[in-house]
Amino acid sequence: MSEHQKTIEIEVLRYNPETDKEPHRQVFEVPFTDDMSVLQGVQYIKDYLDGSLSFRWSCRMAICGSCGMMINGEPNLSCQTFLRDYYPARVRVEALAHFPIERDLVIGMEGFIEKLESIQPYIIPKEARTLAQGEYLQTPEQLNAYEQFSSCINCLLCYAACPQFGLNSSFVGPAAIALLHRYNVDSRDGGKAERMELVNAEEGVFNCTAVGYCSEVCPKHVDPANAVNQNKTNSAMDYFLRFLAPKGGAK
Amino acid sequence: MLQRRHPWRQPPGVEFAVRAVRFWTRRRGEEAARFAKAAAAGNSASLLKQAQAVEQRLVGLKTKTGGSERIATLRKEMAQTMEDGCGIYRLAETMQATCDKLDELKERFKDVNVEDKSSVWNTEWLLAIELEYQLDVAQTMAYSALHRRESRGAHQRLDGFEQRDDVNFLKHSQAHYVVGGPPRIDYGPVKITKSQPGTRAYGAAGEKAEQERKASHV
């Protein structure tokens, strides 16, 4: 370590369910260079200062969606947030807001996984198709209708950003609704009627108060707020359809 | 390290694959059932003993105290010595140094310290388990490379073995685990079906080789 080595203070919210009654803060002095991400700072702590610090990470390049944390109170991927942007002040890292803490910076994801399963995140074919008929064809327009909403990496930053999810954790929430929308507007899919039940439900889109912070923090520009709010319209249409068309609308 | 569930990431076409898998799984399942009915019962006491030995070794990494080696230090030294000795261009001297260094690291690993004694999301323990296996793999690579006295593919020697040697080395290196020591290296036969070994040439030499190849096929 050279004399000119800069160090930054990283304050970490720690929690070990086996020994701690509640989360507490711990501050580490971390030597850093300008190219170091917050994730690398946290890794330095684990490697050289305290091996018991636990956090999720994998790709280090904003692809896998594992390393989301609250960084100075804002949800962000720690791999694409840089220590130099906080220096010389202290940087504070905490587990993603609105989720139960399993250990240190690791949150429990079960609730989200259940929501993902509930939206039936796969193509429910519109019509039976045999192998001999070959692959589905789509026009660029048809692809364009859903492509943006298929870029989600399930990092859960949008849930940590969503005040309504914070108030009511049964809200299906931004990422899951964006993905629901992705399948509903796919020209190959015929499952919309099934999924609309969830859109219209108590835990559906009308929990959203159009704050839009979810889209702001999304590292993949999925714009979940757009998907959620398009589905408020869809839900309203669905409601009226049930009076107009014999088979229209969800139950 | 992370097994994340991505059920929604099914690309089109997966359904066909799933059907094929179901079909073959059923066939294999039926075969397995026939085998299970005919075969004698395994020795479950012996299996349990083996499993317990593995468990004891792994849990021991976490429960022991007083170790003085940091996981990250060993891991970084391992990575550096692999860079030094087992890059693309290789020399016996540096490969030998890498082998020696890996032996040293395996020895030092016995003194590894896992600070985290908890049982919830203990990723430090996981890193220790991984490191031990990484050292085994590194030894396999380094010792196999040292014994391979020829150049082939990404294994390019600059110390008198610059040529490919199909007579002595058109074979698979096999590393055998040896308790308390480096792996024993021997060789197994290679079965080549379509892609015969050849010189990888580029530029003018590559064009010439390509022309010769075409001419020989006429």
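The values are calculated or read from the model by the stated rules, or taken from the named source; none is laboratory data. Please read these numbers as outputs of a predicted model, since none were measured by experiment. Note that we place each Cβ from the backbone using ideal geometry, even for glycine, and neighbour counts take in every protein chain shown. Just so you know, the surface numbers come from the protein's heavy atoms only, side chains and all, with ligands and any DNA or RNA stripped out. Shrake-Rupley method; radii C 1.70, N 1.55, O 1.52, S 1.80 Å.
Overview of values
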read-out	value
Most mobile of A:Tyr146, A:Tyr159, A:Tyr239 in a GNM of chain A (Cα contacts under 10 Å)	A:Tyr239
Region A:2-65: trypsin sites (Lys or Arg not before Pro) in DSSP coil with no more than 10 other Cβ atoms inside 10 Å	A:Lys21
Cα radius of gyration and Dmax for chain A (Å)	21.5, 78
Inter-site label distance for A:Cys59 and A:His4 at 7 Å from Cα along Cβ, in nm	3.5 nm
Buried area at the A-B interface (accessible, heavy atoms, 1.4 Å probe, summed, Å²)	2400 Å²
For region A:30-41, 3J(HN,Hα) per residue [Karplus equation, 6.51 cos²θ - 1.76 cosθ + 1.60, θ = phi - 60°, Hz, x = Gly/Pro]	10, x, 8, 10, 5, 8, 8, 7, 4, 4, 5, x
Sequence-distant residues sharing a close amide H with B:Arg90 (under 5 Å, placed H)	B:Gln156, B:Arg157, B:Leu158
Choice from B:Arg28, B:Arg108, B:Arg184 showing the highest fluctuation, given a GNM over chain B with Cα pairs closer than 10 Å	B:Arg28
Prolate/oblate/rounded label for chain B (Cα gyration tensor, a/c 1.5)	oblate
Partner chain coverage, peptide A:111-121 - average Cβ within 10 angstrom	2
For region B:55-136, the fraction of alpha-carbon pairs in successive 10 Å shells from zero, as %	18, 46, 23, 11, 1
Karplus-derived 3J(HN,Hα), 6.51/-1.76/1.60, for each residue of region A:153-160, Hz, glycine and proline x	10, 6, 7, 6, 4, 5, 6, 5
Span-like helix ranges in chain A, DSSP H, alpha carbon extent 20 angstrom or more, Kyte mean at least -1.0	A:224-244
Extension gain from B:Asp166 to B:Ala45, taking 0.36 nm per residue of separation minus the Cα-Cα distance	38.9 nm
Residues with amide H under 5 Å from that of A:Lys6, placed H, sequence gap 5 or more	A:Phe32
Cysteines without a disulfide-compatible neighbour (Cβ-Cβ under 4.7 Å), the protein assembly as shown	A:Cys67, A:Cys79, A:Cys152, A:Cys155, A:Cys162, A:Cys208, A:Cys218, B:Cys86, B:Cys99
Exposure of B:Thr63 as accessible area (Å², to 10), given a probe of 1.4 Å and all protein chains	90 Å²
Tensor-based shape of region A:23-172 (alpha-carbon gyration tensor, a/c under 1.5 rounded, otherwise prolate or oblate)	prolate
Label-to-label distance, nm, for residues given as B:Gln156 and A:Glu22 (7 Å Cα→Cβ offset)	6.2 nm
Rounded FRET efficiency, nearest 0.05, which uses the C-beta distance separating A:Thr233 from B:Ala36 and R0 of 45 Å	0.20
Sorted peptide list for B:38-48, B:207-217, B:141-151, criterion being average Cβ within 10 angstrom, highest first	B:141-151, B:207-217, B:38-48
Antiparallel DSSP beta bridges within chain B, as percent of all bridges there, nearest 5	70 percent
Per-residue mean of C-beta atoms belonging to partner chains within 10 Å, peptide A:48-56	5
The protein assembly as shown: projected area of the alpha-carbon convex hull, averaged over directions, in nm²	34.5 nm²
Of all accessible heavy-atom area on the protein assembly as shown, the percent that carbon and sulfur account for (1.4 Å)	54 percent
Separation between Cα centres of region B:150-218 and region B:82-140, rounded to whole Å	27 Å
For region A:149-173, residues shielded by at least 40 square angstrom of accessible area compared with the chain on its own, probe 1.4 Å	A:Asn154
Separation in nanometres of the label points that stand 7 Å from Cα toward Cβ, at B:Asp186 and B:His147	0.9 nm
